Every structure is written in C-alpha cells, then in structure tokens.
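In what follows, a structure is listed as structure tokens, so that the remarks can point back to it.
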There are 2 protein chains.
Amino acid sequence: MGGRDRVTLFVDRAVSGQTGAAIDFTIQLLDTGVSKVNIIGDVMAPAQRQVGDRWQRGEITVADEHLASGVTESALYALASAPPAPRLQGSVVVACAPGDWHSIAGHMIAEQLQAGGVATAFLGASTPAADVGRFLAKYRPDALAVTCALPLFFTGFTELTNAAHALDVPVIAGGRSFDEHPEWAIRIGADAYAPDVARALEVLAEWRVTPPRVSPEPIVTDVGLSKLEARADEFAARAITELTTRFPTMTKYTPRQLQRTSEDLAYMVRFAAAARYVDDAALFAEFLTWLVDLLEARNVPKAAVAAGLESLRTLPELRDSEVGFLFEAGLTLLA
Amino acid sequence: MGGRDRVTLFVDRAVSGQTGAAIDFTIQLLDTGVSKVNIIGDVMAPAQRQVGDRWQRGEITVADEHLASGVTESALYALASAPPAPRLQGSVVVACAPGDWHSIAGHMIAEQLQAGGVATAFLGASTPAADVGRFLAKYRPDALAVTCALPLFFTGFTELTNAAHALDVPVIAGGRSFDEHPEWAIRIGADAYAPDVARALEVLAEWRVTPPRVSPEPIVTDVGLSKLEARADEFAARAITELTTRFPTMTKYTPRQLQRTSEDLAYMVRFAAAARYVDDAALFAEFLTWLVDLLEARNVPKAAVAAGLESLRTLPELRDSEVGFLFEAGLTLLA
C-alpha cells in the first residue's frame, strides 16, 4: 500500500465523516510499524491538502471540508495518545500568528515534533503576540515554531518573532505560505525555515547544541502599510459602492453576496499589503491567479476580479499608496 | 469528590498544559462510573467557562486560554473514542453559525449527543449556510443543532435555520448567548431551545416520534440592519479618525493598539445591530457592561467606552439609523 493510496483511503474516510474508521486506519498503520511522524506527514497532511484542493475545485463544500477536518483532528488526537510515548529532549512552543484561525497544520506539526522527541506546547489558532511573549517568558522553550497558512498573517508573524526575539528565543517557520518562497520566512523575522518536521527536528537539535544569535532589535513594520491593511474592510465597502454604480445589478445582491464580494475586495488589499511587506510582487500575482481559479470554479468570470481591482484603484488612498502599482500590474495580468 | 472539585482539578491540568494528566483524569472518572455526558457537562464545560472567566478577569492570557482549550479538546477526543460505544438511534448535525470560530462548545455538545445515543456529525467552526444546506440535503438528519456563543452570530444563525427549514429539518438551539434569554433563540428561528444535553436528547426523542411542523418560509432579516452590520469595520475606522481628533495622544498608538480600539468600536456596532435584530435593548446594555468589566481589568477606564460610543454617534448613518437610540441609551447607562 503506497503513500498515495493511503492518502486516498484516509481522505475517503474523512470526507464521509467516518471518524472511527479513520482512527482505526491510522492506528493500524502505527501497528504495522509506520512512525507517528510519518503517518501525520505522509498520510494526514497530504490528505488535508487533497481535501483543500477538492474545495478549491468546487467539488466539495465548506461543510464537507469541516467534517473532514474534524475527522483528521480526531485521528490526530488518537495518534498522539497512542503508545509509544517518545523520550523527550528540549522544548518548543508552537503558535499560529494573530489572525490565523487555520490551526490544523500547526496542530500536526506540534504532534509531529512531540512524536519526534521534543516536548511541545501548542497554543492553537490566532494568538496575540503579547500573550505569546508572556507564555514564552514563563515556559522558556528552546524555540518558538510558527506555522503560517497564508501571507495575510505575515505582519502577525513578525509580531510573534519580535516578541520571541525580545526574550532571546529563536523562531523556526513552517507552513504552506512559505512552500514556494522560503526566503519570505527569513525576511519577516524567522531564524530558520523548515519545509518538514525532519528538518525542523534537525534545526532544533542544532540549536540545543549551539543556540543561534538572535537580534533583540524588532523588525519595524511599515506603519503606512499596517494602516492600509487595517483599513482593508473600509476600502472594500467603499469599492462596493463604486462597483454598484457601474453594475446596477449589484443593488439586487443579497447581503450574503455583498459580503462575499466585500471579503474578496478586502483580500485584494491585504494580499497587496503582504506583497509590499515582503517586497515581492509575485505574491500578489500568485494570489490573483489563485482567486481567478477559485471563482471560475464557482462560475464567476475573470472580468469580475478585474472589475474589483479597478474599483479599488478608484480610491485615492490606494491608488496613490505604495500598493498602487500592484493593482496596475494585476490589471495587466488579468487583461 | 464533588462536581466543583473535579472542575478545579481539570482546570489546573488544562491551564498548565498537562494533556496526558487531563486525559487520565477524565478516563478515571469514566472508569468510576461517571457517564461521558456528565464528564463533559459537569466537569469539562464548567472548566472551560472557568478558564474564560479567568481570562475575562485578566488573570490569564489568550495563550494560556488556548493551551487550556487544546488540552480540553484532547480530553474530549480521548473520551469520545473510549469505550463504551453508545447504541445509536436517530441522527443530528451540529453546526456553528457563519462567523462563529468558537467551536469548542459545539464540539462538546456533539460528543454529548453521540454519547447520549444519537448519531452525530459535527461541522466545526463557522460554516456558510448554503454549504450547511447542501450537507443537510445529503445527510437528511432528524434535526440541526446550532450552538451560538455570542449574539454577533445571530444573523448567521438565522441563515442556518432558513437553510434547514427549506429542507423541512427542524433546528434546536443551544449555547452561551441564550443562557439568560432562551426567547432570543426562538425569535431568530430555532424550533426549540435546550439549556443542556439532557433537554436536547428529550427534544430529539420527541421529534423522532412527532416531527415538528417547520415553516418553509424564511425569516427575512432586515436588509438595512445587515448592511449596518456589514459596514461595522468601516464605521469603526471613521470613528477612530474622529476619536483621534479629540484625543491627539491616539496618534501615538501602535498599529496593534489602533486595531484593538477599532475592533471594540466595530463590536459596538455589531452588538447594537444584534440588539435591534432580536428587538431587545437589554442585549446592548449587557454587552456594554461586559466590555466595561473586561477593559477595567486591563486598566482601560469606563470613560474610554463612552468616548467610543460618542465617536460612533457622530457618524450620520449610525446616529440616524435604527440603532441610534441604543447609543443614546448606552451613554446614559455609562454616565
């Protein structure tokens, strides 16, 4: 039974809500000698990505995806409490950046690190940096591990690295947003990037022998950019007004449709700010490509995305800001 | 060992991150003959509330609370997969309203219902109503159970009841936001309210014998109110500008401080809309009292809350709207 088959078998159980069968499946893998680290890394994590891809293609709904995630969480907890218990050396705190509510990747990494022999405290979804700082001051781990699912949380990520560095705690980064761009993780404050738990365990082992030099100087985020980001919902609301003038059919939108359009517009502002933050226009271009694919699977044409960008560009604070050129570039990309 | 002692013993393990000890504790209770339903309802649920109260009083941080919630989730999963497996009769889908990311209460109720003998599918946090509807159409349960932690999600709650009623599926409501006001649950679309799982199991048993008459007519939410709610962040941003004129020290706020102030202002708008939605000014007054207590535990004076209300009242769209009188009443309350 190869890796791919196991993934599909797990996904089948997850999307159909068969919690018991999914737990039995993972415990059987454990009984046949597959390690907890590999069951999570080679079966459950790819399964979760497959579920996400099926949602992206419009094949399953958010409800199906949530049911599947619940099954995965159940299996993760069952696996964590199944013997053997690892011998522990060193300690790490795992957190998600403020604003990031997608905690399942962080939970997987936390269980993998613990199974890999490092005592792990997992702080769950979105946690304010000041509170993570107080926790680190009390717990004094060898490192803080931060997973980041989306570039939306890059400034929150830096708040966490600043809080850790002020206490001389180094930070290791992981998560889907760095898959193609590990350099972003370093640019926003991480001391190391690990594409998987094997590399994370190596880095942590190295750091136990030779703690890295950590700069206590915080990375100062651009206040102008933070303010643009904080006003994303306001800009979206104003752009909607502008869009409605151009597309009078929008006056017939339900509040829910208006809200979804507004969310997409706010995402455009936030991803543009994230792209400026890591100084890489590719981030915004990749987001637009993703959004077009997502909306096309739901029968929303590419032209609607372009119209959204156009309407944001009519707002002087955005057009004349440091993200203005990204909207221009985006319109060229979508043309 | 009385109920209260057990709660404290569980809380001690949870806030110190002792997952193994918390799991052992719950499994030992099970071994001594306490039912899964009672372990969750009489120990874990009050423990989670105690953790929330300690956060409210500023005694623990969000990081501590998240660590504790993670331990509670672990114990919940361990309990769910421990024998005995219940004999199942009937079926229920448990969901949280769109926007509601606080899924632990829903998770507890789902495990209690399953342990109480009803086959349960739990959809986790914030799930769009259309997707819950598709799931109900496929799964065809006897009922949809919706937990609602905060009045912020009342319109989302109604979206779920509308989706369920369109498929002739009745809705049972639970959750902290209805503790003192069960009538709100009925007003926003529920067919029954259950303060605890015992009552929920009774209702579900009754409905299996005699399915309730469910009106397929949706509850139409007030579009003006929905739009006010959707613009909450925009209003907050504009009120901040106004506040800054009056309190020039605010120009020295960090982006994070500005964001928190902005969040509190947006909450004022959302809770005011929720109060109008259930047509009960008490909802807004109770929220203000809660906010004042919360901020006072963090050394923010009551006058700051009043100043926030004042600044929102300067916005013509709010002052002249159907929530305007609530801001007046709030200022009187805080004077």
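Laboratory data are not the source of any read-out in this text; all were calculated from the coordinates shown. Quick caveat, the model's predicted, so the values are computed rather than measured. Note that each Cβ is placed from the backbone with ideal geometry, even for glycine, and that neighbours are counted across all protein chains shown.
Helix check for chain B. Which DSSP H runs span at least 27 Å along their own axis by Cα, with a mean Kyte-Doolittle hydropathy no less than 0.0?
On the way: long enough: B:62-81 (28 Å, 0.52); B:255-277 (32 Å, -0.53).
Span-like helices in chain B: B:62-81.
What's the magnitude of the charge dipole for the protein assembly as shown around its Cα centre, counting Lys and Arg as +1 and Asp and Glu as -1 at the beta-carbon? Answer in Debye, nearest 20. Write down the numbers at each step before the final one.
On the way: 58 positive and 82 negative charges, 33 e Å.
Once rounded to the nearest 20, the dipole reads 160 debye.
For every helix of n ≥ 4 consecutive DSSP H residues, a contribution of -39,500 (n - 2.57) applies; sum these over the protein assembly as shown, divide by its total residues, and give [θ] at 222 nm rounded to the nearest 500 deg cm²/dmol.
On the way: 32 runs with 403 residues, N = 670.
Value at 222 nm, helices only: -19000 deg cm²/dmol.
Can you give the mean number of other chain Cβ atoms that lie within 10 Å of the Cβ atoms in peptide B:234-242?
Mean shielding count: 3.
For chain A, what's the relative contact order in percent, using C-alpha pairs closer than 8 Å and at least 6 residues apart?
Result for chain A is 12 percent.
Relative contact order of region B:143-291: what whole-number percent is it, with Cα pairs under 8 angstrom and at least 6 residues apart?
With pairs under 8 Å counted, the relative contact order is 22 percent.
If you add up the charges near B:SER215, with Lys and Arg at +1 and Asp and Glu at -1, over every other residue whose beta carbon is less than 13 angstrom from its beta carbon, what do you get? Please report the intermediate quantities before stating the final value.
Details: positive: B:ARG213; negative: B:ASP168, B:ASP191, B:GLU217.
It works out to a net charge of -2.
First select every other residue whose beta carbon is under 10 angstrom from the beta carbon of A:GLU322; then total the charges, Lys and Arg +1, Asp and Glu -1.
That sum, taken over residues with Cβ under 10 Å, equals -1.
Highest first, please rank the peptides B:163-172, B:45-54 by the mean number of other Cβ atoms sitting within 10 Å of their residues.
B:163-172, B:45-54
Could you tally the net charge around A:TYR277, taking each other residue with its Cβ under 11 Å from the Cβ of A:TYR277, Lys/Arg +1 and Asp/Glu -1?
-2
Would you mind checking the radius of gyration and Dmax of region B:1-84 based on alpha-carbon positions, in Å?
Rg then Dmax for region B:1-84, in Å: 12.1, 40.
Please report, in debye to the nearest 20, how large the charge dipole of region B:87-221 is about its Cα centre when each Lys and Arg carries +1 at its beta carbon and each Asp and Glu carries -1 there.
Numbers: 9 positive and 14 negative charges, 74 e Å.
The dipole magnitude comes to about 360 debye.
Could you give, in nm with one decimal, how far B:THR210 is from each other copy of that position, shortest first, with labels 7 Å out from Cα toward Cβ?
7.8
With an 8 Å cut-off on Cα pairs and a minimum separation of 6 or more residues, tell me the relative contact order of region A:209-292 in percent.
Relative contact order here is 32 percent.
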